[in-house]
Amino acid sequence: MRYRTMPKNGDELSVLGFGCMRFPMMEGGKIHVDKAIEQVRHAIDNGVNYLDTAWPYHGGASETIVGKALQDGYRDKVKIATKLPTWLINSRTDMDSYLDKQLEKLQTDRIDYYLLHALNGLTWDKLAELGVAEFLDTAIADGRIVNAGFSFHGLPGDFKQIVDDYPWDFCQIQYNYLDEEYQAGTAGLKYAASKGLAVIIMEPLRGGNLG
């Protein structure tokens, strides 16, 4: 496995992370828990040390499965990334409530890489007004969050504003051979990097459509 150094904290993260949005399924639409845990642990045993999940993945079950997979000593081998469900946030209190529930589901005392999920200009403005900067600062200070970031699904101009509005550690953008000008695009990738943010890529194969 190859690794890349995160510019602000020195973490060595595997070039390939493990996305936890598409676990193996059984008939009836339920996650095949044993196979999912086996897959996660196989990836970790072979050098993957970055797991990406989120509140809505698998109808809310993904974080719970990840928490189970990281028992028996696996938690200390990886960095967990999960995301605040921004569309469900209507108050400053909601932010703490969701984060605390995520910590419980993941069976951990910290989220190594915590993202504001699917930001665009409008959602960022709403969250900023509700006090999300203070929330992130507080959660970092008390240790519930280690690194703060955001994932992005908006217009290029919105991306630059969001990058400039908070001292983020990292961001996550959709980027691949077909999406070089889509959303943040190449220009956004370079802008974030120029500001010292690590850039994590989602959909590098467009959900399996590129191969």
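Odds and ends about this structure:
- Formal net charge of residues neighbouring R4 (Cβ-Cβ distance under 11 Å; K, R +1; D, E -1): -1
- Distance in nm between pseudo-label sites at E181 and N46 (7 Å out along the Cβ direction from Cα): 3.7
- Charged neighbours of V146, selected by a Cβ distance under 14 Å, balance to -2 (K, R count +1; D, E count -1).
- Inter-site label distance for R2 and T93 at 7 Å from Cα along Cβ, in nm: 4.9
- Residues of region 43-60 with amide N under 16 Å of the 7 Å Cα→Cβ point at N9: 49-53
- Rolling a 1.4 Å probe across the protein heavy atoms gives the chain an accessible surface of 49 Å² per residue.
- Set of aspartates and glutamates near K195 by C-alpha distance (under 13 Å), chain-local residues within fewer than 8 positions excluded: D164, D165, D169
- Here K79 is the anchor, and the lysines within straight C-alpha reach of less than 17 Å, apart from those fewer than 8 places off in the same chain, are K8, K68, K105.
- Label corresponding to Kirkwood radius over Cα pairs in Å when calculated from the structure given, among (i) 18.9; (ii) 18.4; (iii) 17.6: (iii)
- FRET efficiency, Q71 to D164 (Cβ-Cβ, R0 41 Å, nearest 0.05): 0.55
- Put a dot 7 Å past the Cα of E129, heading toward its Cβ, do the same for K190, and the two dots end up 3.5 nm apart.
- For W55, the residues 5 or more places off, or on other chains, whose built amide H falls under 5 Å of its own are K83.
- Mean residue ellipticity at 222 nm, helices only, the chain: -11000 deg cm²/dmol; runs of at least 4 DSSP H residues each add -39,500 (n - 2.57), and the sum is divided by the number of residues.
The values are calculated or read from the model by the stated rules, or taken from the named source; none is laboratory data. It should be emphasised that the depicted structure is a prediction, and the values quoted were computed from it without experimental measurement. Every residue, glycine as well, gets a Cβ built from its backbone with ideal geometry; the counts of neighbours run over all protein chains shown. Calculation scope for accessible area: heavy atoms of the full protein, side chains included, ligands and nucleic acids excluded. Shrake-Rupley method; radii C 1.70, N 1.55, O 1.52, S 1.80 Å.
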